[in-house]
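Following: one structure in C-alpha cells, then a few remarks.
The values are calculated or read from the model by the stated rules, or taken from the named source; none is laboratory data. Computed from a predicted structure; not experimentally measured. So basically every Cβ, Gly included, is an ideal-geometry build from the backbone, and we count neighbours across all protein chains shown. Surface areas here come from the heavy atoms of the whole protein model, side chains and all, with no ligands, DNA or RNA. Shrake-Rupley method; radii C 1.70, N 1.55, O 1.52, S 1.80 Å.
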Amino acid sequence: MSLASLLDLWKTSSETAPNIVAWQTLSARPAQTFPFPIDMPVPLCQALIASGIHSLYSHQFEAWRATQQNQNIILSTGTASGKTLAYNLPIFSKLIAGQNARALYLFPTKALAQDQFSALQSFQAALTPWNLAPAIYDGDTSASARPAIRKNARIVLSNPDMLHMGILPHHTNWSELLSNLAYVVIDEAHAYRGVFGSHVANVIRRLKRAAKFYGSTPKFILASATIGNPRALAEKLIEEPATLIDNDGSARGPRHFIIYNPPLVDKSLGLRKSSLLESVRLAQDLLKQAVQTVVFARSRRSVEIILTYLQDKEREKQEEEGIPIPASPAAIRGYRSGYLPAQRREIEKGLRDGAIKTVIATNALELGIDIGGLGAAILVGYPGAVASARQQAGRAGRGLESAVSVMVASANPIDQFLAHHPEYFFERSPEQALVNPDHLLILLEHLRCAMFELPFQKGEGFGSLSGEIIDEYLHFLLSNGEAHLSNENFFWMADSYPAANISLRSASPQSFVLQTIIDTSTSLSAGSRPQTIGIVDGESAVWMTHPGAIYLHEAQSYFVEELNLEEHVARLKPFVSDYYTEPLQQTEVELLSISETQNTQSAVRNTKSWGELKITTQVTGFRKRRWYTHENLGEEPLDLPPSELQTTGYWLSLSEETVAQLREAGAWTNDPNEYGPEWLKIRERVRRRDQFTCQVCGVVESGRQHDVHHKVPFRAFASRAEANRLENLTTLCPSCHHKVEQNVRMRSGLAGLAYVLGNLAPLFLMCDSSDLGAHIEPTENSTFGQPTIVLYDQVPAGIGFSQKLFELHENLVASAYELVHQCPCEDGCPSCVGPGGENGSGGKQKTLEILKLLCQPEWKRPNVR
C-alpha cells in the first residue's frame, strides 16, 4: 500500500476518520529557476554542473545578486529549499577570488556543523585547485587538530558556544581568520530567540569588535525557517541592515497536514485517549507501509516512552511472524539531546540510507540536519509555536514526492483550543522571534568577556549602545574591582576567565555525566568499569536523575542509584521496571518589586501587575506510575537542596469585591474549612478509635500526631454535623493523607484558572510551556495581599514574557473563557481547567464564574494572529 492509499484509508477508517478535525492539502508547486549569473566564476559553474545542478532557484539567484552588491541578507524559505547552496555560492566565489579570504559558519548544534561539513567536502573535490579547506572547530575537535585549523582553515564551521568560549577569548591565536574574515553565516537563525538569542547577539557584537581590531568588516548571511519577523530578527542579531529574501523558488510535491484529536473515552470527565498511544498507532500504520517517518515528541521522557511502546509492538509482531528478535528493532530509533555524538551520527546515517524507518525525536531533529526524504511527520502535541510546527512538518517531503504531517492534539488546553479552532493554526502568521541583547544581566556578562578580550577605550560603544551608556556599565564593573581604568582604557582585572562561567543556553553551565557500570569479566582486563551513556544539563539533573528515578535512554531503563552534586555525576544501573517516575516539586514566590500595576478592564475591578520575583523551587519527592495505565504506585520523599531564581512575573490579583461575589454564588472554595468548635474532641476520638494507627499503611503514631481525614470531602456536605460523622472520618499518617488528598482533590476555581492561563499563554508568545512557571496564592496573603495567580519567566532576570502577558491580559482571559466554555467535559478535565482527583471535583463551573467576572462586559473572540 502506498502513502496515497494509506491516506485514503485514514479518510474512511472508523478508528481514524472521526478524529480528524482538519485536513489541509497544499498542491504541488513547480520550481522557479534562473540560469547561472553571468558574473559567477567559471570554476564554480563547472563544479555545480559536475554536481548535477544546471540552474538556480529564484531565491538562490536573488541571494547571489544581493551579496554581489555587498548586502547582508536573510534567507527565509521552506525546509529543504536549498538555502545552504544559496549562502555557499557567494562564499565559494570570494574564496576563489582571494586566496586569503576566510568565512565563519555558525550553527546552533554540533550535528548541523557535521552535516554541512559533509556537503562542503563534496564541493571541495570539484574546487580542489582553490582549496576551500573547510574544518569543524567545536568541543569535539581534538587538541592535536586545533592548531592546524586555526592557521589553515578557510571555512571554519562552529557554533555560538565555541565562538564565545573557545575562539574570541583566544583571538590572538585566530589572527588569520579574524584579519581576513569576509563572511559570517548564521544558519537556522530562528533558533536564536529568547535568552539564547540575546546571548548570541552579544557574541556577534564581540566578534565584530575583534574583527575590527584585526582590520576586517565581514558581511553576514543568515538563513531561517519561516517566522513572522525574519528581517527584524536578523537586524537585531547583527545590528546592521539586512535584505530579506523569502520568495521560495524550490519545487514541492503535494503536502497534507492533518490535525487529529484523539477520541473521548469519557465525555463527562473530558478524558481522551492518550496522544502518545494514538501517535504510536498512527506511526505503526506508516511503519507497516514502509513510509519513513519522524515522530516529534515534546520532551526527552516522551521520546523514550514512545520508543519503548513502538519497539515493544514491533517485537510482538516479530514473535507472531516467527522472526528472530534482536535486542531492539533496529528500524526504530530515538534521537534527542543526551545521546552521545557517535549514536546521533549513526542514527542520521541510518535515516539517510533508509535502514531506519521510524525515528522518535525531540526538536533536536527540527533543525536542518540532512536526514533524507521522509514520507511522514507526526507531531505529538502542538510544539508551542506555529513556526516550530511548520518546521517539524517540513521534515516530511523532499522534491516532488507526496508527504503527510499529522499533529496529534494532546489533552493540553492549547492543543484543544487549536483542535476546536484550526483556523487559528492554518491562517495565523508565524510568531515573531524576540531577542533583547540589552537585557542588563546578559549585557554585563558579555561586557566582562569583551573587556577580557580587548580593553575598552573610554567612550567606546558596544554594538548599537553608545559610549556614554557603556561607560556607565564599565564604571559599575570598576566599582566591583573587576575593571581597572588606566590611560583612558578599561582593563579586565579579575582572576577569573569570564566566558567559562557564562552559558549561552542555560542558567547552569555545567552538565551532569550519566555513568553506568559495565562488566568486563569476559575481556582481557577482568572486572568492571564505568561507562558514560549520556549527559544532562544542570537544571534538569535534579528532576531527571534524582536518586530513585527511572532514567530512560534508547528505550533502556536505568535506576538512578546516586546523584553526586559536587562531582556532577549521576550513577545508574540497568533496571527492568514496570513503572516510570515523575518528580514532585514545591515552589515559593517572593515579591521583590512592582514594575507596573493596573486595574483590569472587566465587569468587576481586579488588578494585573508585573515585576521582579524570587522563585524558590525544591524537588521534594517523586511519584511512581505504571507503564501504559499510568496508575499511581506511590510516592517517595527526597532531600535535595532548593534552587533560587530571580526573574520577572505577571500576576492577577482578585479584589475583595470579586471574592465576595464568588462566595455569594457558591463558587469560592478557597476559604479554610471551619470544622466547628467540637473538632478537636472529635479528632481525638477518631484517633483513639483507630488506636492511633494509620488505616492505610498501619504505621503507629510516633512524635507527630496522625491526621484525621474526611472520606467524603467536607465541602461536599450541606452541614458540618453531616461531614463530621464518625463513619466519615478515618486516621491517616501524613504520607497516606497526602496521597488520598490528591485522589479526592477538590480543584478550586482559582487553581483551574491558573491551569488554563498557564497552558494557554504560550499561544501568545513564541515560547515553550516550560519557559513559564505558574503559582497560586489561594487566600489573602502577605506577598500579594489578595488571592493571586502568578505566571513567571523561567530564566534569570526574565526575558520579556511577563511584560508581554501583562499587556495581553484581556486577550488571554477572553481566550481562556472561550476554551473552558466550549470544552465538552462536565466538571473539569486536562483540556480545560485540569482534572480533580478520581473522587473529587474539577472546579470547571467555579473557574467559569471567575472568568465571567474577569472578562469585559461584552467580550469578543480574541484575535491572536
(1) modelled with pLDDT under 95; (2) under 30 Å from Phe123 (Cβ atoms); (3) in contact with a strand residue (DSSP E or B) (Cβ under 6 Å, 6 or more places away or on another chain) all hold for Val42 apart from (3)
If you take the residues in region 174-212 that are within 20 Å of Ala133 (Cα to Cα) and either without any contact (Cβ under 8 Å) to a residue 12 or more places away in the chain or not in a helix (DSSP H, G or I) (or both), which one is most open to solvent (accessible area, probe 1.4 Å)? Asn180
Filter pass, Leu613 being assigned to a strand (DSSP E or B), of a type in the set (A, V, I, L, M, F, W, C), open to solvent by 70 Å² or more (accessible area, probe 1.4 Å) and at pLDDT 90 or above: no
So in region 553-577, with the set limited to residues that are outside any strand (DSSP E or B) and buried (at least 17 other Cβ atoms within 10 Å of the Cβ), which one is modelled with the lowest pLDDT? Ala555
Please specify each residue of region 68-82 satisfying the condition of being touching a strand residue (DSSP E or B) at 6+ places or on another chain (Cβ under 8 Å), open to solvent by 10 Å² or more (accessible area, probe 1.4 Å) and either under 16 Å from Gly253 (Cβ atoms) or part of a helix (DSSP H, G or I) (or both). Gly78, Gly82
Take Ala63 and tell me if it is in contact with a Lys or Arg (Cβ under 9 Å, 6 or more places away or on another chain) and in a strand (DSSP E or B). no
When you check Leu365 against the structure, is it closer than 15 Å to Arg333 by Cα, of a type outside the set (Lys, Arg) and modelled with pLDDT under 80, yes or no? yes
Being free of Cβ contacts under 8 Å to residues at least 24 places away in the same chain and either hydrophobic (A, V, I, L, M, F, W, C) or touching a helix residue (DSSP H, G or I) at 6+ places or on another chain (Cβ under 7 Å) (or both) narrows it down to one residue among Val536, Val569, Val560; which is it? Val560
Hits in region 578-606 - residues which are in a strand (DSSP E or B) and open to solvent by less than 50 Å² (accessible area, probe 1.4 Å): Tyr579, Tyr580, Thr581, Pro583, Leu584, Thr587, Val589, Ser593
What residue, of Leu56, Leu3, Leu85, Leu9, is open to solvent by less than 20 Å² (accessible area, probe 1.4 Å) and of a type outside the set (Gly, Ala, Ser)? Leu56
Can you name the helices (runs of 4 or more DSSP H) wholly within region 439-552 that have at least 1 residues being open to solvent by less than 50 Å² (accessible area, probe 1.4 Å), farther than 29 Å from Pro642 by Cα and at pLDDT 90 or above? 440-453, 467-479
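Condition test on Leu132, is it closer than 28 Å to Leu237 by Cα, among the aliphatic types (A, V, I, L, M) and surrounded by 19 or more Cβ atoms within 10 Å (Cβ to Cβ)?
Values: closer than 28 Å to Leu237 by Cα: yes; among the aliphatic types (A, V, I, L, M): yes; surrounded by 19 or more Cβ atoms within 10 Å (Cβ to Cβ): yes.
Answer is yes for this residue.
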Looking only at region 112-164, and only at residues there that are under 30 Å from Leu443 (Cβ atoms) and of a type in the set (Gly, Ala, Ser), the one that is modelled with the highest pLDDT: Ser158
Suppose we filter region 801-822 for residues that are open to solvent by less than 40 Å² (accessible area, probe 1.4 Å), touching a Leu at 6+ places or on another chain (Cβ under 8 Å) and under 16 Å from Gly611 (Cβ atoms); how many remain? 4
Using the structure shown, decide if Leu287 is farther than 27 Å from Glu427 by Cα, assigned to a helix (DSSP H, G or I) and touching a strand residue (DSSP E or B) at 6+ places or on another chain (Cβ under 6 Å). yes
So in region 650-693, with the set limited to residues that are under 18 Å from Ile789 (Cα atoms) and among the small types (Gly, Ala, Ser), which one is most open to solvent (accessible area, probe 1.4 Å)? Ala660
Looking at region 93-111, which of its residues are outside any helix (DSSP H, G or I) and either in contact with a Phe, Trp or Tyr (Cβ under 9 Å, 6 or more places away or on another chain) or open to solvent by 10 Å² or more (accessible area, probe 1.4 Å) (or both)? Gly98, Gln99, Asn100, Ala101, Arg102, Ala103, Leu104, Tyr105, Pro108, Thr109
Consider region 278-287. How many of its residues are open to solvent by 10 Å² or more (accessible area, probe 1.4 Å) and either in contact with a helix residue (DSSP H, G or I) (Cβ under 7 Å, 6 or more places away or on another chain) or at pLDDT below 90 (or both)? 2
Looking for whichever is open to solvent by less than 30 Å² (accessible area, probe 1.4 Å), within 26 Å of Asn131 (Cβ to Cβ) and touching a helix residue (DSSP H, G or I) at 6+ places or on another chain (Cβ under 7 Å) here; the options are Ala50, Ala63. Which one fits? Ala63
Output the number of residues of region 112-143 satisfying the condition of being under 23 Å from Leu207 (Cα atoms), assigned to a helix (DSSP H, G or I) and polar (S, T, N, Q). 2
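On the given criteria, is Ser268 over 25 Å from the mean Cα position of the chain (by Cα), under 30 Å from Tyr105 (Cβ atoms) and either at pLDDT below 95 or open to solvent by less than 40 Å² (accessible area, probe 1.4 Å) (or both)? Can you show your working first?
Values: over 25 Å from the mean Cα position of the chain (by Cα): yes; under 30 Å from Tyr105 (Cβ atoms): no; either at pLDDT below 95 or open to solvent by less than 40 Å² (accessible area, probe 1.4 Å) (or both): yes.
No.
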Would you confirm whether any residue within region 36-44 is at negative phi, assigned to a strand (DSSP E or B) and among the aromatic types (Phe, Trp, Tyr)? no
Against the condition open to solvent by less than 20 Å² (accessible area, probe 1.4 Å) and part of a loop (DSSP other than H, G, I, E, B), how does Pro90 come out, does it pass? no
